Amino acid sequence: MTCYAAALTTMAKAHIANHYLQATLRGAERQGHDGPTLLEQAGIPADWLNTPEQLITEQQLTQLVKSVWRATRDEFLGLSSEPCNNGTFALMCDYCLGSATLGAVLRKSAHFYRAICRNLDIAMEAQGKQVFFRLHLKEARNDTDHLLQEFLILMWERLSCWLVDQQIPFARTQFSYPAPAHEAEYRAMYPGELKFEQPVCGFLFHEKYLQLPIVRSEEELRQFLQAAPAYILHRPSQDESLRARIRALLARYNYPDMPGLDALGRELHMTPRNIGRKLQDEGTSLRKIKETLRREHATRLMTSESLSISEIAELVGFSETAAFSRAFKRWTGLSPARWRGSQVNG
């Protein structure tokens, strides 16, 4: 099955809590719109509102969000103290698409929304080697189900991954409110650690991902926005392997500082021997995982014309460009210069 076909299969599978029907309608109903009519427009039986055990699909939730957008003319679904005109997110994406890196996009998107949405506290700030992207509703009295706050964080996390065509390993997603009754849904929506009752909402990731180049075209963006919010609401399949858990942990470090088996054992509450054995059973090792992380990051950075080969070598943890060149040729069969040339000519 192709990745596209697998995504369609996941979108058509009913696996989202019924809670999201009422939560999505809440703001529109407060404005006087008829909930059953909006459900009908989305192809959802009205009596499902009173059937908490009835799960819904990503496609159904996507259509319901679109129905509410049309009714309220508000991308914030009537859940903010101030509306956000339909088309604002698309305009922001168009404004940011010409940026070279993910870091530039995040900075520009924060600047854009600060100028337009007075109820949104949005900014990017450094926390050591980590970056915290703050996405916080200043006044959340209308967001009683936390849906808008959830959706805002999803928008920026999923957009970031889509723009660089990579699943960014977010270290933590945090929320300013207590864990809700539907907390289990958060485990499927947000990767990495979850923290509740924090001062502000937002997400944290390593600064090295700010250098990832933007790889999407204007036509791809048009298709992304035309399908919105389908990609934002889509839940990628979860990899529960030990390899995936270790990759996520290593992603929080600079490449030269990635921990060894002893430190990982303390983090995972496993003995180094057990980690080594389980990784061997999965057909890999800690050394291979570290090398793969370096290789993947290096090849993505190589598509950026703004970075020299020596700069890329340093970013992926090599103190000498020559050592990086030897490693890169071992990974790809080509020197960095020839590989970059083949990408341009190809």
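The values are calculated or read from the model by the stated rules, or taken from the named source; none is laboratory data. Treat the numbers as computed from the prediction; the structure is a model and nothing was measured. Counting neighbours? That spans all protein chains shown, and the Cβs are built from the backbone with ideal geometry, glycine included. To get the accessible areas, we keep the full protein, side chains included, count just its heavy atoms, and leave off ligands, DNA and RNA. Shrake-Rupley method; radii C 1.70, N 1.55, O 1.52, S 1.80 Å.
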Check: Roughly what angle does helix 147-164 make with the longest principal axis of the chain, taking Cα atoms, 0 to 90 degrees, to the nearest 10?
Finding: 30
Margin query: Given 10 °C and 1.306 mPa s, compute D for the stretch 280-346 with the Stokes-Einstein relation, Rh being the Kirkwood radius over Cα pairs; round to the nearest whole µm²/s.
Written below: 128
Check: For the stretch 64-153, what log10 I(q)/I(0) values come out of the Debye formula at q = 0.17 1/Å, with one point per alpha carbon and no solvent?
Finding: -0.77
Checklist line | Residue-normalised accessible area of the stretch 95-241, expressed per residue, 1.4 Å probe, Å² | finding: 41
Checklist line | Binned Cα-Cα distance frequencies in the stretch 169-272 - 10 Å width, integer % | finding: 12, 31, 38, 17, 3
Checklist line | Reach of LYS288 by Cα under 13 Å, taken over aspartates and glutamates that are not fewer than 8 positions away in the same chain | finding: GLU296
Next item on the list: Could you tell me, in Å, what Rg and Dmax come out for the Cα atoms of the stretch 166-223?
Entry: 14.7, 40
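About the Cα centre of the chain, what is the dipole size in debye to 20, counting +1 per Lys and Arg Cβ and -1 per Asp and Glu Cβ, all else neutral?
For this selection, approximately 1380 debye.
Which value, in nm² and rounded to one decimal, describes the direction-averaged projected area of the C-alpha convex hull of the stretch 215-346?
10.5
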Check: How big is the stretch 74-127 on each of its three principal axes, counting only the C-alpha atoms and giving the largest first in Å?
Finding: 33, 27, 15
Checklist line | Portion, in percent, of the accessible area of the chain that falls on carbon or sulfur, probe 1.4 Å | finding: 49
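Dipole magnitude of the stretch 188-291 about its Cα centre, charges +1 at Lys/Arg Cβ and -1 at Asp/Glu Cβ only, in debye to the nearest 20?
For the stretch 188-291, the charge dipole is close to 360 debye.
Compute the longest continuous run of the chain that contains no exposed GluC sites (Glu not before Pro); treat a site as exposed when its DSSP state is not H, G, I, E or B and it has at most 10 other Cβ atoms within 10 Å.
54-196
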Notebook entry, point to check: Hey, how many Å between the Cα centroid of the stretch 166-221 and the Cα centroid of the stretch 112-135?
Noted result: 13
Item checked: Dipole of the chain [Lys/Arg +1, Asp/Glu -1 at C-beta], most positive-end residue of VAL131, GLN198, SER342 -> SER342
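Calculate the tail of P(r) for the chain: the fraction of all Cα-Cα distances greater than 36 Å, expressed in %. Can you show the working numbers first?
Values: 15351 of 59685 pairs.
Tail of the P(r) past 36 Å holds 26 percent of the pairs.
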Notebook entry, point to check: Based on the Kirkwood radius over alpha-carbon pairs, what value in µm²/s does the Stokes-Einstein equation return for the translational diffusion coefficient of the stretch 23-87 at 25 °C and 0.890 mPa s?
Noted result: 206
Next item on the list: Provide the descending list of Cα extents for the stretch 1-138 along its principal axes, expressed in whole angstroms.
Entry: 48, 44, 28
Check: How much mean residue ellipticity at 222 nm does the chain get from its helices, if each DSSP H run of length 4 or more adds -39500 (n - 2.57) and you divide by all residues, to the nearest 500 deg cm²/dmol?
Finding: -15500 deg cm²/dmol
Next item on the list: Treating only the Cβ atoms of Lys and Arg (+1) and Asp and Glu (-1) as charged, compute the dipole magnitude of the stretch 105-238 about its Cα centre; round to the nearest 20 debye.
Entry: 340
